[in-house]
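Notes follow the structure.
The values are calculated or read from the model by the stated rules, or taken from the named source; none is laboratory data. Quick caveat, the model's predicted, so the values are computed rather than measured. All Cβ positions, glycine included, derive from the backbone under ideal geometry; neighbour counts span all protein chains shown.
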Amino acid sequence: MIYLLGALIHSRAGVLGLLRLSEYLTVRAIGAALTAIILTLVITPRFIRYLHRRGLVDQLRDTGVPSAFDKAGTPVMGGTVMVGCIVIATLLWCNLASRYVLTVLVALLWFGAIGLVDDVAKWRARSGNRGMTEAMKLLLQGTFAAGLVLLLVSPWTPLPARDAMTLYVPFVKTAIAHSLVVYLPLVFVFVMLVGNSVNITDGLDGLAIVPSVFVIGVLGFFAYIMGNAIWAKYLFYPLLPGAGELIVFCAAFAGAGIGFLWYNAYPAQIFMGDAGSLAIGGCVATISVLLKQEALFLILGGLFVVEAVSSQVQDKIGIKWLGRRIFYRAPFHHQMQHTGLAETKVVIRLWIISGILALAALATVKLR
């Protein structure tokens, strides 16, 4: 909206002429971040009171960690505030004609809706383990992943035709694969796995949101350089015209995440729930695909990868196939708690690790 206003009065002088600054991505990114932070800080406490009145609180779950029982009764579904504030900031500051932004907005709302339905189902069942069935969640997530795959090969893809089906890896200047048969199944699996990895990580107060902000911040930086002809050429990245608009969305996302952390830090006043964690995962996966940074996620989102792998190895291989635990606890953050570390120390150490991984991902910009 603000972008359109700036464009309309481009030739005008006076006070309204300041709106011409909205043509700059950096200005709109800052505006989106500040808008999302302020909205989240203002709306969240009111939403917390509403959830308490309606009894929409976290249900008792046995994770094997005693401290988890102390958190029953904490309001959940805080992710809906995050998603709402991101959408508002995006509508205000983004160029809504951008197919990059529209694609990511669909991912945010689609995965957020899946998570919200799951949260409501858990509340109705009065059990943290009895929400939407795993098969139904995977079906709905797979529907989006399949839709994204079809978008990439359609005339409406936001990507240039030469890069719609190319796979890039860190440290290599050129694509290592350009094949529909190889790339499209990889995208489908990638979206499914990453979409759930944040959900698995979201088990301690503030644990998932800070690494998510790190990841989205780095992806926003990549969006800026890959959407800029000068920087893309200088750094040997494929030029993706229009991709720079994603930095405004990423800024809104980071702003909402920082605002939410104010209430989600230990001891949490509200949990993001699946409505937030699935929305984050779906967004991160989609942006990574649109920016051709699927392989980079192994570094950038390394914490999420470890959390997801440890959980799946424990559940699918250990318990279901071998009939015994491979780790004392899973996911990885519960394993750390099992060693005797306090929750706050576990969370802060994992924040530090995710920050180091974000810096390592940034380092790959020049190491090509």
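Here are the numbers for this structure:
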| read-out | value |
| --- | --- |
| Residue tally, condition in contact (Cβ under 8 Å) with a residue 40 or more places away in the chain, within 30 Å of VAL101 (Cβ to Cβ) and surrounded by fewer than 18 Cβ atoms within 10 Å (Cβ to Cβ), over the range 114-146 | 3 |
| Sole exception among (1) over 12 Å from the mean Cα position of the chain (by Cα); (2) within 23 Å of VAL101 (Cβ to Cβ) for ILE299, by number | (2) |
| Residues of the range 324-368 that turn out to be without any contact (Cβ under 8 Å) to a residue 24 or more places away in the chain and either in a helix (DSSP H, G or I) or under 25 Å from the mean Cα position of the chain (by Cα) (or both), as a count | 9 |
| Given (1) closer than 23 Å to VAL194 by Cβ; (2) in contact (Cβ under 8 Å) with a residue 60 or more places away in the chain; (3) in a helix (DSSP H, G or I); (4) not basic (Lys, Arg), index of the condition PHE271 fails | (3) |
| From the options ARG61, ARG53, ARG46, ARG99, residue that is more than 25 Å from HIS334 (Cβ to Cβ) and at pLDDT below 90 | ARG53 |
| Tally of residues being buried (at least 24 other Cβ atoms within 10 Å of the Cβ), part of a helix (DSSP H, G or I) and modelled with pLDDT under 95 across the range 197-222 | 4 |
| Checklist (1) in contact with a helix residue (DSSP H, G or I) (Cβ under 8 Å, 6 or more places away or on another chain); (2) within 30 Å of LYS233 (Cβ to Cβ); (3) modelled with pLDDT of 95 or more; (4) not acidic (Asp, Glu) applied to SER354, failing item | (2) |
| Among (1) at pLDDT 85 or above; (2) surrounded by fewer than 18 Cβ atoms within 10 Å (Cβ to Cβ); (3) at negative phi - the single one ARG324 does not satisfy | (1) |
| Pairs with Cβ under 9 Å, 6+ apart, first in the range 195-223 and over 20 Å from VAL365 (Cα atoms) and in contact (Cβ under 8 Å) with a residue 60 or more places away in the chain, second of a type in the set (Asp, Glu) and surrounded by fewer than 24 Cβ atoms within 10 Å (Cβ to Cβ) | LEU204/GLU343; ASP205/GLU343; LEU207/GLU343 |
| Subset tally (residues that are in contact with a Leu (Cβ under 6 Å, 6 or more places away or on another chain) and either under 30 Å from VAL76 (Cβ atoms) or part of a loop (DSSP other than H, G, I, E, B) (or both)) for the range 123-171 | 6 |
| Hey, GLN293 modelled with pLDDT of 85 or more and either outside any helix (DSSP H, G or I) or of a type in the set (Ser, Thr, Tyr) (or both) or not | yes |
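Conditions (1) in contact with an Asp or Glu (Cβ under 6 Å, 6 or more places away or on another chain); (2) crowded, with 22+ Cβ neighbours inside 10 Å; (3) under 16 Å from ASP205 (Cα atoms), marked per residue:
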{"site": "LEU300", "(1), (2), (3)": "no, yes, no"}
{"site": "GLN312", "(1), (2), (3)": "no, no, no"}
{"site": "LYS320", "(1), (2), (3)": "no, no, no"}
{"site": "HIS333", "(1), (2), (3)": "no, yes, yes"}
{"site": "LEU341", "(1), (2), (3)": "no, no, yes"}
{"site": "VAL346", "(1), (2), (3)": "no, no, yes"}
{"site": "ARG349", "(1), (2), (3)": "no, no, yes"}
{"site": "ILE352", "(1), (2), (3)": "no, no, yes"}
